[in-house]
Amino acid sequence: MSTAATAAAAASPPAPMPLVEALTRLAARLGRPVSAASLDAQLVAGRDGSLDWTSLERALASFGLQVHRVGKRAGALHPTELPALAALADGRFVLVADEAAAAALGSAAYGSAAHGSTTHGSTTHGSTAHEVAGAAPAGWCLRLVPVPAADLRSGIPAIRDARGWFWSVIWGLRGHYVHVALATLVVNLLSIAISLYVMNVYDRVVPNRTYETLWVLTAGTGLALAFEFAARTLRGWLIDAAGKRADLEISTGLFARLLAMRLEGKPASSGAFVSNLREFESIREVLTSATLTALVDLPFVLLFLAVIALIAPPLAAVPVVAIVLVALAGLLVQAPLARAIRASMKDGAQRQGLAVESVEGLETLKANNAYRFAQQRWQWYTESVATAATRSRTLSALVVNFTVMVSQAVTVVTVVWGVYLIHAGALSLGGLIGVVILAGRAIAPLAQIASLAVRLQQARSAFDGLQALVDRPLEREPDRAYLALAAPRGELAFAGVDFSHERDGPTLFRGFDLRIGAGEKVALLGRTGSGKSTLLRLGAGLYSPTAGMVRIDGIEARQVDPAELRSVVGLVPQDPRLFLGTLRENLDLARGDRAADDARLVHVLRTLGLDAMVARHPRGLEMQLGEDGAGLSGGQKQLVALARLMLRDPRVVLLDEPTSG
């Protein structure tokens, strides 16, 4: 037996791990430590329960890592491709550190854990990895490639600028749009066939009665129409496919940005802020067939003008003048149209905010008999929205009607001028008809764009709303490396902390000092508004101090990954929030490992006395809850929040009036 074979036989096979644990170990080997809690928090599953690959790429990119799937077994990897992760058939992964580990993997058969393992969980439940035979290598591997710091920084401006971000996504789909441009070229070239067909029929077939020529021309034109139909259909499909991908990428990125913003940067009106996000639909509509088709057809106006100039050079001036007039009319209304649309969007956002606030505060409105308070403002906002919308529609209709009038005038002027050219022998009857058709084609894209002026202005204004989201500070900066707490003890300290809710507002704390040792229990007492809740949020990393430091185990909290920090420090707020869904779904918010074993969950429910409430309901844990836990009492909601905390089992527990319910 050779030396290499002996070493491979002697080497023990690597231990299988869930994906998150395997990725964190691989990243650590590459010198890029990754927080398992932060990575797991960013991974999402598809409708079929499988891991969404895009979310994995996005999560690892936030740590400066690129993930590559290699379609070959670990033994076939080149030494320069190691270390890597080898996938097993049961969804777990094995860290292949070197060639010896790859050889050991090839000779080992892995088993599934007794209680199941999850593809992207952070923990494996069960006994040994070799308990049940049959989990062979899946035949593919994962590699992580660190991104150099300069490349990582180069992507940040696109994220910090809404327009740059949007166009970077579109640039990523340039392959689709190149094919759209080619299909548009084919469509516009073939559309010339009709005008040439009519011109030849009038000039050659009618005077000479050459029916054979008529049918040859008709057959050729019919074939051109069939190809044009196919090209138009293909172009529409390509635009919709690219629009769908862009919509998914941008909307996913926007929502991730929303979830990542600092809590102190939360907007005053949630409804108005969400309304601004909904305006993204106007940007998305720019990517759909109707709008984008008009835009891509615009450059081919020059093609039709060139063909007109070849047939009758003087008549090319008619559509040129018409295009200039339509363009001037469109430019003149842009400023008032933009003002009207901005006013409509602003008042619409305020109305949306009022609607959300009224639904959430319906009990308060009824208890105080304050219907007029909400109804009056609703009518004001509705009137303002209707007025601004009417103004924008009027301006848009003015441009559209002017464009239609100019298009009809082009036909009239072309015919009149063409008659004189025919009598002068400079143009044939068929040529005149062909020019009329081509002139209509040249004006058509401008008429479409005029009818879409409101939509284009809405998209332009929507960028301002998206920029407001992009400008909000993030709790996890993409160009910063964070520390991971290997074995947290649970010591929390405040050193010279200052805090103010507003930049120019009053200071709530000034030079606050407090140290809470691991295992120590401390009660904070103070009058209403003294800052007890704010202090707990500072300790949980939800707020950042204006000055001073918050330390966890002696490490400044801002140096620790926010998700990692909150896996160590748990907070139960004074007014815990429950979400629309089942009770199990609300409890599973705290179970990052998504374990299949419910023993821990049952233990927590019994400890808090929630098991009796669950047992009384016919659907048990699948009982449906409304928004903010509608259907549960205040005390029950508080118990659910405590259950979440116990399921997470953090080292530091912060309770904000846990018995208030």
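The values are calculated or read from the model by the stated rules, or taken from the named source; none is laboratory data. Please read these numbers as outputs of a predicted model, since none were measured by experiment. Here the Cβ positions follow ideal geometry from the backbone for every residue, glycine too, while neighbour counts run over all protein chains shown. Only protein heavy atoms, including side chains, enter the accessible area calculation; ligands, DNA and RNA are left aside. Shrake-Rupley method; radii C 1.70, N 1.55, O 1.52, S 1.80 Å.
Points to keep in mind about this one:
- Considering only the chain, percent of DSSP beta bridges that pair antiparallel, nearest 5: 85
- Distant-in-sequence amide H partners of VAL560 (H built 1.01 Å from N, under 5 Å): LEU483
- Each Cα pair under 8 Å and six or more residues apart adds its sequence gap; the mean of these over the residue count of the stretch 341-495 is a relative contact order of 27 percent.
- At most 14 other Cβ within 10 Å, DSSP loop - trypsin sites (Lys or Arg not before Pro), the stretch 519-553: LYS521, ARG527
- Amide H partners (placed H, <5 Å) of TRP140, local residues excluded: ALA87
- Projecting the Cα atoms of PRO79, THR390, LEU223 onto the charge dipole of the chain (Cβ charges, centred on the Cα centre) puts THR390 farthest toward the positive pole.
- Amide hydrogen neighbours beyond the local backbone of ALA312, cut-off 5 Å, H modeled: none
- Within the chain, helix-based [θ] at 222 nm, where runs of 4 or more DSSP H residues each add -39,500 (n - 2.57), nearest 500: -18500 deg cm²/dmol
- Three-way shape label, the stretch 362-487, alpha-carbon gyration tensor, a/c 1.5: oblate
- Packing around the peptides 23-33, 599-609, 344-354, 358-368, taken as the average count of other Cβ atoms within 10 Å per residue, puts them in this order, highest first: 344-354, 23-33, 599-609, 358-368.
- Relative contact order of the stretch 333-425, defined on C-alpha pairs under 8 angstrom at six or more residues apart (%): 42
- Relative contact order %, the chain, counting alpha carbon pairs below 8 Å whose residues are six or more apart: 14
- Using the 1.4 Å probe convention, the accessible area of the chain works out to 52 Å² per residue with neighbouring protein chains retained.
- Farthest toward positive dipole pole in the chain [+1 Lys/Arg, -1 Asp/Glu at C-beta], among TRP171, PHE93, ALA349: ALA349
- Entries of LYS346/LYS532; LYS521/LYS637; LYS72/LYS244 with Cα pairs more than 28 Å apart: LYS346/LYS532; LYS72/LYS244
- What a 1.4 Å probe finds exposed on the chain is 59% carbon and sulfur by accessible area, rounded to a whole percent.
- Under the span-like rule (Cα at least 30 Å along the axis, Kyte-Doolittle mean at least 1.0), DSSP H helices of the chain: 174-200, 429-451
- Dipole in debye (nearest 20) - the chain, about Cα centre, beta carbon charges: Lys, Arg +1; Asp, Glu -1: 800
- Correct option for Cα extents along the principal axes in Å [calculated from the coordinates] among (i) 104, 87, 53; (ii) 107, 67, 57; (iii) 84, 63, 54: (i)
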